[in-house]
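Asks: The structure's right below; bear with me while I get my questions together.
The values are calculated or read from the model by the stated rules, or taken from the named source; none is laboratory data. Since we're looking at a predicted model, the values are computed, not measured. Counting neighbours? That spans all protein chains shown, and the Cβs are built from the backbone with ideal geometry, glycine included. Only protein heavy atoms, including side chains, enter the accessible area calculation; ligands, DNA and RNA are left aside. Shrake-Rupley method; radii C 1.70, N 1.55, O 1.52, S 1.80 Å.
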Amino acid sequence: MKFSRKTALGAAVAVSTLLATAACGSGGDSEGAPSAGKVVVPDPGGDLGKAMKKAFFDPFEKKTGIDVVLSSGEFDAAVVLAGVKAGAPAYDLMNPNGAVLQRFRESSALEPIDYTLWQDGIRDKISPVKAAADAVPAYYISVVPAWSTAKLGDQALTSWADFWNVGKFPGKRTLAPGSWGAGGATFEIAAMADGVAAKDLYPIDYDRVFASLDKLKPNLVKFWETGAEPIQLLTGGQVTASSAWNGRVAGAQEKGVPVAGTWNQSILQYDNWAILKGSKNAENAQKLLAFMMEPQPQADFANAITYSPANSAAFDLLSADRAALLPTSPKNVETAVTQDYDWWTATAPGTDKSNEEVAIERWQAWVSK
């Protein structure tokens, strides 16, 4: 699956046809036995899917004998919800982002998490977003200011205000489109560029956001459309600076690409693990979730991909060099801002629309001017 948050708040999940996966049955739970049953999980594909398989799914199968069945395909929340309502969930454990998770909550489509299966103290280590009654943060990524070192040399951006400062840091810019809602963090970025403090970001002041964007608009080449595009635009010379996901910047640097980024004012985004109500293999899903949250699998995941672990204790098992690449390491998280999905999905005052829907409408009007 191409890693993108192009849909509203995005979803790092994939799902196959409803009837095919819903037919999966549960089995016993004897450790290591070939008849220990199964658990159906969406396969995100790509590097994320490989990291999950290496750190979570393969070790869990080896330890328990429970088969992790990976289901590929496109995610459609309406279809999945319809399956839950029909008593035939498409899979057992899903991996949605904030807006999608809220839709399932509003439909009472989630099972409560059985924390009695978790090792003592682990729930308290889930940070910086806490584990909820019906969902657990899965991992964190960050949207960061990134720039071409080929163009700026020894100059380094230190904030989104620097990103806006084309006088001191000359060159064109690119951001994610606001039509993604919170997905590309463009609204938060524009607010902070105008001097809004992290603690004052929400509720987002749309008038201030678009006044800020007006200042940058003459220097905006385009709005990027995939996670890979910021690096392509930076290395191709079309832009000097771009918002970008931290993993893309780290991956480019590993290949010797002349780009850099800063953790200051990075914007944390996260996906969740949640179990669908009525899942045929809910018991096994609970076991898999409890296993994935243990420190060692969490550390193995963070070593396989530059996404931060949900369990902060995993940092005790990571090298300093690896931790430096991760958004929620103790040092990097100090200046980070966590997106407020509760605010984004809440109903906007005086309307019957969510704050995200209102933001997208405002964006479409602005971008068409």
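Asks: Say the cut-off is 31 Å between C-alpha atoms; which of 62/125; 54/125; 168/353 go over it?
Replies: On the way: 62/125 25 Å; 54/125 22 Å; 168/353 40 Å.
The pairs that break the limit, which is 31 Å between Cα atoms, are 168/353.
Asks: When the accessible area of the chain is computed with all protein chains present and a 1.4 Å probe, what percentage of it is carbon and sulfur?
Replies: On the way: 7580 of 14940 Å².
Carbon and sulfur: 51 percent of the exposed surface of the chain.
Asks: As a check on your grasp of the helix formula, calculate [θ] at 222 nm for the chain: sum -39500 (n - 2.57) over DSSP H runs of n ≥ 4, divide by the residue count, round to the nearest 500. Working shown, then result.
Replies: Values: 17 runs with 129 residues, N = 369.
The per-residue figure over the chain is -9000 deg cm²/dmol.
Asks: Also: In debye, nearest 20, what is the charge dipole magnitude of region 244-369 about its Cα centre with +1 on Lys and Arg Cβ and -1 on Asp and Glu Cβ, if you could check? Please list the in-between numbers first.
Replies: Numbers: 10 positive and 14 negative charges, 58 e Å.
Dipole size: approximately 280 debye.
Asks: Using the charge dipole of region 79-235 (Lys, Arg: +1 at Cβ; Asp, Glu: -1 at Cβ; taken about the Cα centre), state which of 97, 139, 211 has its Cα farthest towards the positive end.
Replies: With unit charges placed on the Cβ atoms, the residue in question is 211.
Asks: Which FRET efficiency value, to the nearest 0.05, do you get for residue 117 and residue 225 by plugging their Cβ-Cβ distance into 1/(1 + (r/R0)^6) with R0 = 35 Å? Please list the in-between numbers first.
Replies: Details: r = 41 Å, r/R0 = 1.17.
Efficiency computed from Cβ-Cβ geometry: 0.30.
Asks: Then there's this: As an exercise, use a Förster radius of 35 Å and the Cβ-Cβ distance of residue 208 and residue 334 to find the FRET efficiency, rounded to the nearest 0.05. Show your work: numbers first, answer last.
Replies: Values: r = 25 Å, r/R0 = 0.72.
Here the calculated transfer efficiency is 0.90.
Asks: With axes computed from alpha carbons, what is the tilt in degrees of helix 355-367 against the longest principal axis of the chain, rounded to the nearest 10 within 0 to 90?
Replies: 40 degrees
Asks: Apply the Kirkwood formula to region 198-237: the hydrodynamic radius equals the inverse of the mean of 1/r over all pairs of different alpha-carbon atoms; give it in Å with one decimal. Mind showing how you got there, number by number?
Replies: Values: mean 1/r = 0.0806 Å⁻¹.
Hydrodynamic radius (Kirkwood, Cα only) of region 198-237 equals 12.4 Å.
Asks: Can you run phi through the Karplus equation (6.51, -1.76, 1.60; θ = phi - 60°) for region 282-296 and list ³J(HN,Hα) in whole Hz, with x for Gly and Pro?
Replies: With the stated coefficients, region 282-296 comes to 4, 4, 5, 5, 4, 5, 4, 4, 4, 5, 4, 7, 5, x, 5 Hz.
Asks: Now for a different question. What does the charge dipole of the chain about its Cα centre add up to, to the nearest 20 debye, if the Cβ of each Lys and Arg holds +1 and the Cβ of each Asp and Glu holds -1? Working shown, then result.
Replies: Numbers: 34 positive and 40 negative charges, 192 e Å.
Using only the charged Cβ atoms, the result is roughly 920 debye.
Asks: Still on this structure, I have one more. Can you give the Rg/Rh ratio of region 262-369, where Rg is from the C-alpha atoms and Rh is the Kirkwood radius?
Replies: Numbers: Rg = 18.6 Å, Rh = 16.9 Å.
Here Rg/Rh amounts to 1.10.
Asks: Using a 1.4 angstrom probe on the protein heavy atoms only, line up 61, 188, 74 by accessible area, largest first. Each step should come with its number before you reach the end.
Replies: Working: 61 60, 188 0, 74 155 Å².
My answer, sorted largest first, is 74, 61, 188.
Asks: Also, quick follow-up: Once you compute Rg and the Kirkwood Rh from C-alpha atoms, what is the Rg to Rh ratio for region 60-142? Please report the intermediate quantities before stating the final value.
Replies: Numbers: Rg = 14.4 Å, Rh = 14.8 Å.
For region 60-142, the value is 0.97.
Asks: Which one, 95, 272, 332, has the greatest fluctuation when you compute a Gaussian network model over the chain with C-alpha springs under 10 angstrom?
Replies: Evaluated over the chain, the most mobile residue of the options is 332.
Asks: May I pose another question? What residue among 223, 56, 293 has its Cα farthest toward the positive end of the dipole of the chain, where the charges are +1 on Lys, Arg and -1 on Asp, Glu, each on the Cβ?
Replies: Farthest along the dipole direction, towards plus: 223.
Asks: Using the alpha-carbon centroid of each, what span in Å lies between region 245-305 and region 157-176?
Replies: What the calculation gives is 28 Å, centre to centre.
Asks: Relative to the present Cα-Cα distance, how much length would full extension add between residue 62 and residue 366 at 0.36 nm per residue of separation? It would help to have the intermediate numbers written out before the result.
Replies: Numbers: separation 304, 0.36 × 304 = 109.44 nm, distance 5.35 nm.
Net length gain for the segment: 104.1 nm.
Asks: Let me ask you something else. Express in % the proportion of alpha carbon pairs of the chain at distances exceeding 27 Å.
Replies: 48 percent
Asks: On a 0 to 90° scale, report how tilted helix 206-216 is relative to the longest principal axis of the chain, with both axes built from alpha carbons and the result rounded to the nearest 10.
Replies: The answer is roughly 60 degrees.
Asks: Amide H of residue 338 versus every other amide H placed in the peptide plane: which residues, excluding those fewer than 5 positions away on the same chain, fall under 5 Å?
Replies: Under 5 Å from the amide H of residue 338: 268.
Asks: Between residue 107 and residue 319, what's the calculated FRET efficiency when r is the beta-carbon distance and R0 is 41 Å? Round to 0.05. Walk me through the numbers before you get to the answer.
Replies: Working: r = 43 Å, r/R0 = 1.04.
That pair, residue 107 with residue 319, gives E of 0.45.
Asks: Now a separate question. Simple spin-label model, 7 Å along Cα-to-Cβ: residue 257 to residue 133 in nm?
Replies: Result: 4.4 nm between the two label points.
Asks: Another question about this same structure. Would you mind calculating the relative contact order of the chain from Cα pairs under 8 angstrom and at least 6 residues apart, reporting the percent as a whole number? The partial results should precede the final answer.
Replies: Values: 740 pairs, mean separation 89.4, N = 369.
Computed over the chain, the figure is 24 percent.
Asks: Using a 1.4 angstrom probe, figure out how much accessible area the chain has per residue, in square angstrom, rounded to the nearest whole.
Replies: Numbers: 14940 Å² over 369 residues.
So the chain comes to 40 Å² accessible per residue, rounded to a whole number.
Asks: Evaluate the charge dipole of region 84-230 about its Cα centre and quote only its size in Debye, nearest 20, assuming +1 on the Cβ of each Lys and Arg and -1 on the Cβ of each Asp and Glu.
Replies: On the way: 15 positive and 17 negative charges, 97 e Å.
It works out to roughly 460 debye.
Asks: Which one of 258, 37, 309 has its Cα pushed farthest toward the positive end of the charge dipole of the chain, where Lys and Arg give +1 and Asp and Glu give -1 at the Cβ?
Replies: The listed residue farthest towards the positive side: 258.
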